[in-house]
Amino acid sequence: MIEGIWIGINTAFSGYNIFMVMMGCFAGTIIGMLPGLGPMSAIALMIPITYGFDPASAMILMAGVYYGAIFGGSTSSILINAPGVAGTVSTSFDGYPMAKRGQAGKALAIAAYSSFSGGTIAAIFLLIAAPQLAKVSLSFQSADYFALMCVGLLSIAAFASKGQFLKAMVMTALGLALATVGQDSLSDITRFAFGNINLMDGISFVLLVMATFAMSEAFMIVFKKMEINFKASDASIDKLGSIKLSKEEVKEMVPVIGRTSVLGFLVGVLPGAGATIASFLAWGFERSIANVKDKLKFGNGSIKGLTAPETANNAACTGSFVPLLTLGIPGSGTTAVMLGALLSFGVQPGPRLYVEQPEIFWAVIVSMYIGNVVLLILNLPLIPYIARILAIPKNILVPLVLFFSVTGVYLISFNSFDIYFMAIVAFISLVLRTLNYPMPPLILGFILGGMLEKNLRRALLINDGSFSFLWERPISLALFILMILIVLLQIYQGIKKRKIK
Amino acid sequence: MGISYTRISALIFLLLFVIYSYLAGEIKVFVFDENADFNARTFPKLISYLGIIVSFLTLVLSRGADDPLGKYEWLKVLVLFVLVFTYGIIIKLVGFFISTNLFLLVSYYYLGVRNYKVLLLCSIPVVAALQFMLHGLLDVYIRDPFLQLLGIIS
C-alpha cells in the first residue's frame, strides 16, 4: 500500500498532472457556475479532449472538473440564487441571503473554506476506506456483482429521481435497452442495429452523455427562456464585500465541518445518493441540532447553514469515488460518466485496479488533495473575475455549448451520422426532462448494461440457469434484501404521498 | 383516468418496450445456443419485461396534470435543432473551420446578437484556437479542405 501511495504521489505531483488538476478545477468552476450546466455536462465536455491523454492524467483532470464544478455551482447559488448544480441548491438557502446583505465575499469565502475542508477530510477517509473495500470486494463473484449493480440502478432511481421513482425506472430500462444495441460481447451477434452500419458498434457513450446533458441543457436554456440577471459590474470587489472571516465565525464553522464532512462522505459512498442528498441532509441535520436562537438564523444567512451543505457536498463527491475505484460500480451519475471514460481508455475499475494500475488508483486520490488546495488558493482570490462568467449572455453561451458538444462527438468518429443522432437524442431528452423523466438513471443503465449482462451470464451458467444464486450466496442475499427494501420504501412513500394529497 | 402528457409518454414507452420485446425474440442466435441457459436474447428479454412493467405502472398510477407544454420556446429549439443537423451535413462538405464558423454566426444571429464585433470575436478566434489546440498541440487530425487549400494545415 505504501508503495502504491508513493507511486500515486509521484504521478500526481508531476508537473503535467499538477497542470491537469489546475486546468480541471478552473474549467469545472467556470462550467459549474453556468446555470443549467452541472458536473456531468462539464465532464462530458472534457472527454473528447482527454482522448490523447494517459488514463491517470485524464482521470485527474476529470476529478478536478468534478469538484471544480461543485465549487462553481455554489458561486452561482450565492451570487444569483441560481444553482448551476443540484448539489448546491441548499447552499443558496443561506448563501444568497448573505449576498443580499452585502456579504457575498464572506459567503464565497465560507463556501471555499468549507469545500476545501470537506474535500480534504473526505480524501483522508477515501485513502483509508478504498483499499479496505477493495480487499473485501475481491471475494465478490459474478452473482454478487450482478446483485450489486441492480442495487446501484435501483438506488439511483430511488434517490436521484426527486420522487419520480417509476419514471426513473423507465429511464433505467431505456438505458439498459440502449446498451444492447450493437454486437453482443460474447457471441458477436448484432442486435437492434436494423442493418445500419453506424449502429453495429453500438451507441457511443460520449454521444449519449453529450446529447442528454450538454446539448439538451443548451436547448433547455432557450426552451425555458432562462434569464440570468447578472452584470459584470456585480462581481466587482466593492460589491462582493470582504472575504475575510473573523475568529468567531471560524469557531462557528469548525465543529460543523467536522460533523458534516463525515456525514457527506458516508452519503457519497452509498450508491445513488451523492452530493445533492448529502447537502440537504447536512443542512437539515445542522438545523435540527442547533439551539433555538441559531435555528431562526437558518435560511436567513446563517454561517452554519452555509458551511454544512458546502462541506457535505464536496465530501460526498470524494466519497462517490469509493464504489467507482474499488468495485467498478459508479455511485452517482457523474461517476458513471467517469466510469464510461475509464472503460473507453481500456481501464477496468474494480478490486484489482489498485494492484494492477496503482498509478491511476492512487494518483486520483492524491490529486484530490492538490485539487482542494488549487480550489482554495486559485479560485478564492479570482472569484471577482471568474464570477464575470455569469454575465455571459445566453445567446452567446448556447451556440458555444452546442458547438463544443458537436465537436466533441465528431472528433471521435468523424462521422456525420453521430451529429444527426446526437441532435435527435438531445431533442428527445429535452422533452423527457420537461416531463420530469430524470436522465442520470438512463446513463447509469447504459453504462452498467454491458457489465450487468456479462455478470448475469456468468452467474446463470455457473448456476445451471437458475436464479437461485440471488438467495444462496450471503452477499447476494444481503443485496437482494436491500433491493426489496428499496422497492418497499418507494411503495410506502408513494402511498404516503397520495394520502397527503 | 384522465389524459396527461405523462400518461401519453408512458403509453409510448409501453409500446416501445413491447416492440423491443418482440424484436428481442427475433434476434438470430446460433443453433447450438437456441436452448442455452443464456444467449443473446436473454438479457434484452429481461429488460423488456422490466420496461413493460414500469411503463405500465407509470401509465396506471400517474396522477395530476403536467405543466402545459405550449408555454415553452418550441420554435427556437426546433430551429437550433435544424442548425445542428445542417452543421452535420456541411462539416463533411466544406470542412471544420468554415462550417463551424457558419454554425456559430448563424446561431448567434438567430438568438439575437446583432453587434458584428461580438459576432466575429465569439466565432473565428474561438474556432481557430480550438483547431490549433487540437491539430497543432494534441495532434488530432481534422479534415479541412479550406485550410489545406490555404496551406495552413497539411
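The values are calculated or read from the model by the stated rules, or taken from the named source; none is laboratory data. Since we're looking at a predicted model, the values are computed, not measured. Using ideal geometry, Cβ is built from the backbone for each residue, glycine included, and neighbour counts are taken over all protein chains shown.
Taking the range A:414-430 only, how many residues are farther than 16 Å from B:L83 by Cα, among the polar types (S, T, N, Q) and assigned to a helix (DSSP H, G or I)? Lay out the reasoning, then the answer.
Pass one, the range A:414-430, residues farther than 16 Å from B:L83 by Cα: A:414-415, A:428-430.
Checking the rest, the ones that are also among the polar types (S, T, N, Q) come to A:415, A:429.
Of the ones still in play, those that are also assigned to a helix (DSSP H, G or I) are A:429.
Here the count works out to 1.
Among (1) closer than 16 Å to A:L402 by Cα; (2) surrounded by fewer than 13 Cβ atoms within 10 Å (Cβ to Cβ), there is one condition B:F96 misses while meeting the rest; what is its number?
Here B:F96 meets the rest and fails (2).
Can you tell me which of A:L382, A:L477 is in a helix (DSSP H, G or I) and either within 11 Å of chain B (Cβ to nearest Cβ) or under 25 Å from A:L176 (Cα atoms) (or both)?
Details: A:L382 fails: either within 11 Å of chain B (Cβ to nearest Cβ) or under 25 Å from A:L176 (Cα atoms) (or both).
A:L477 is the lone residue from the list that is in a helix (DSSP H, G or I) and either within 11 Å of chain B (Cβ to nearest Cβ) or under 25 Å from A:L176 (Cα atoms) (or both).
Check whether at least one residue in the range A:362-380 is among the aromatic types (F, W, Y), at negative phi, at pLDDT 80 or above and crowded, with 22+ Cβ neighbours inside 10 Å, and report yes or no. Give the steps one after another, and end with the answer.
The first filter runs over the range A:362-380 and keeps only residues among the aromatic types (F, W, Y), leaving A:362, A:369.
Those still in the list that are at negative phi too: A:362, A:369.
Now restrict to residues that are at pLDDT 80 or above: A:362, A:369.
If we keep only those that are crowded, with 22+ Cβ neighbours inside 10 Å as well, we get A:362.
Taking every residue of the range A:362-380 in turn, at least one turns out to be among the aromatic types (F, W, Y), at negative phi, at pLDDT 80 or above and crowded, with 22+ Cβ neighbours inside 10 Å.
How about the range B:129-153: which of its residues are more than 9 Å from chain A (Cβ to nearest Cβ) and either under 25 Å from A:A58 (Cβ atoms) or assigned to a loop (DSSP other than H, G, I, E, B) (or both)?
From the range B:129-153, those more than 9 Å from chain A (Cβ to nearest Cβ) are B:129, B:131-132, B:135-137, B:144-153; that's our starting set.
Passing the criteria: B:A129, B:Q131, B:F132, B:H135, B:G136, B:L137, B:D144, B:G151, B:I152, B:I153.
Looking at (1) aliphatic (A, V, I, L, M); (2) crowded, with 23+ Cβ neighbours inside 10 Å; (3) at pLDDT 85 or above, which one does A:L37 not meet, given that it meets all the others?
Among (1) aliphatic (A, V, I, L, M); (2) crowded, with 23+ Cβ neighbours inside 10 Å; (3) at pLDDT 85 or above, the lone unmet condition for A:L37 is (3).
For a quick check of your reading: which helices (runs of 4 or more DSSP H) sit entirely within the range A:184-249 and have at least 3 residues that are modelled with pLDDT under 85? Walk me through how you get there before you give the answer.
Working: elements: A:205-209, A:216-223, A:237-240.
Result: A:205-209, A:237-240.
Given the residues A:A173, A:A177, which is the only one that is within 11 Å of another protein chain (Cβ to nearest Cβ), farther than 20 Å from A:G38 by Cα and touching a Leu at 6+ places or on another chain (Cβ under 6 Å)?
Working: A:A177 fails: touching a Leu at 6+ places or on another chain (Cβ under 6 Å).
The match here is A:A173.
Name the pairs whose Cβ atoms lie under 9 Å apart, with the first residue in the range A:478-499 and farther than 22 Å from A:L148 by Cβ and of a type in the set (G, A, S), the second surrounded by 13 or more Cβ atoms within 10 Å (Cβ to Cβ) and modelled with pLDDT of 90 or more, and 6 or more positions between them or separate chains?
A:G494/A:L166
Given the conditions (1) touching a Gly at 6+ places or on another chain (Cβ under 6 Å); (2) at pLDDT below 85; (3) within 11 Å of chain B (Cβ to nearest Cβ), report the number of the one that A:I447 does not fulfil.
Of everything listed in (1) touching a Gly at 6+ places or on another chain (Cβ under 6 Å); (2) at pLDDT below 85; (3) within 11 Å of chain B (Cβ to nearest Cβ), A:I447 misses just condition (3).
Can you tell me which of A:I428, A:I412 is surrounded by fewer than 22 Cβ atoms within 10 Å (Cβ to Cβ), aliphatic (A, V, I, L, M) and at pLDDT 85 or above? Let's see the steps before the verdict.
Working: A:I412 fails: at pLDDT 85 or above.
That would be A:I428, the only listed residue that is surrounded by fewer than 22 Cβ atoms within 10 Å (Cβ to Cβ), aliphatic (A, V, I, L, M) and at pLDDT 85 or above.
Could you list, in sequence order, the residues of the range A:431-448 that are touching a residue at least 12 places away in the same chain (Cβ under 8 Å), surrounded by fewer than 24 Cβ atoms within 10 Å (Cβ to Cβ) and assigned to a helix (DSSP H, G or I)?
Those that are touching a residue at least 12 places away in the same chain (Cβ under 8 Å), surrounded by fewer than 24 Cβ atoms within 10 Å (Cβ to Cβ) and assigned to a helix (DSSP H, G or I): A:L432, A:R433, A:T434.
Kindly indicate whether A:F265 is aromatic (F, W, Y), crowded, with 24+ Cβ neighbours inside 10 Å and either modelled with pLDDT of 85 or more or within 14 Å of A:S114 (Cα to Cα) (or both). Before you say what the answer is, go through the steps one by one.
Values: aromatic (F, W, Y): yes; crowded, with 24+ Cβ neighbours inside 10 Å: yes; either modelled with pLDDT of 85 or more or within 14 Å of A:S114 (Cα to Cα) (or both): yes.
Criteria met by A:F265.
Residues to consider are A:A107, A:A63, A:A111; find the one that is assigned to a helix (DSSP H, G or I), within 14 Å of the chain's Cα centre (by Cα), touching a residue at least 60 places away in the same chain (Cβ under 8 Å) and buried (at least 23 other Cβ atoms within 10 Å of the Cβ).
After applying the criteria, what remains is A:A63.
To keep it simple, each residue is scored yes or no on (1) away from chain B (no Cβ under 14 Å); (2) part of a helix (DSSP H, G or I); (3) farther than 19 Å from A:A44 by Cα; (4) without any contact (Cβ under 8 Å) to a residue 60 or more places away in the chain.
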site: A:I329; (1), (2), (3), (4): yes, no, no, no
site: A:P351; (1), (2), (3), (4): yes, no, yes, no
site: A:I360; (1), (2), (3), (4): yes, yes, yes, no
site: A:S367; (1), (2), (3), (4): yes, yes, yes, no
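Hey, does the range A:309-322 have a residue that's over 24 Å from A:W283 (Cβ atoms), in a helix (DSSP H, G or I) and either touching a Phe, Trp or Tyr at 6+ places or on another chain (Cβ under 7 Å) or hydroxyl-bearing (S, T, Y) (or both)? Before the answer, list the steps.
The first filter runs over the range A:309-322 and keeps only residues over 24 Å from A:W283 (Cβ atoms), leaving none.
No, that holds for no residue.
Of these, B:I90, B:I142, which one is at pLDDT below 90 and touching a helix residue (DSSP H, G or I) at 6+ places or on another chain (Cβ under 6 Å)? Even if it seems obvious, please write down each step before you answer.
Values: B:I90 fails: at pLDDT below 90.
Sole residue among the options that is at pLDDT below 90 and touching a helix residue (DSSP H, G or I) at 6+ places or on another chain (Cβ under 6 Å): B:I142.
Of everything in the range A:123-177, what is closer than 11 Å to A:L442 by Cβ and in contact with a Phe, Trp or Tyr (Cβ under 8 Å, 6 or more places away or on another chain)? Give them in sequence order.
A:A157, A:K167, A:A168, A:V170, A:M171, A:A173, A:L174, A:G175, A:L176, A:A177
Which condition does B:I19 not pass, out of (1) within 19 Å of A:T190 (Cβ to Cβ); (2) in contact (Cβ under 8 Å) with a residue 24 or more places away in the chain, if it passes all the others?
With respect to (1) within 19 Å of A:T190 (Cβ to Cβ); (2) in contact (Cβ under 8 Å) with a residue 24 or more places away in the chain, B:I19 is out only on (2).
Looking only at the range A:163-186, how many residues end up being under 19 Å from A:R498 (Cα atoms) and small (G, A, S)?
Residues of the range A:163-186 under 19 Å from A:R498 (Cα atoms): A:163-168.
Of the ones still in play, those that are also small (G, A, S) are A:163, A:168.
Qualifying residue count for the region: 2.
State all residues of the range A:385-439 that are away from every other protein chain (no Cβ under 11 Å), within 19 Å of A:M220 (Cβ to Cβ) and basic (K, R); if no residue qualifies, say none.
Selection gives A:R433 alone.
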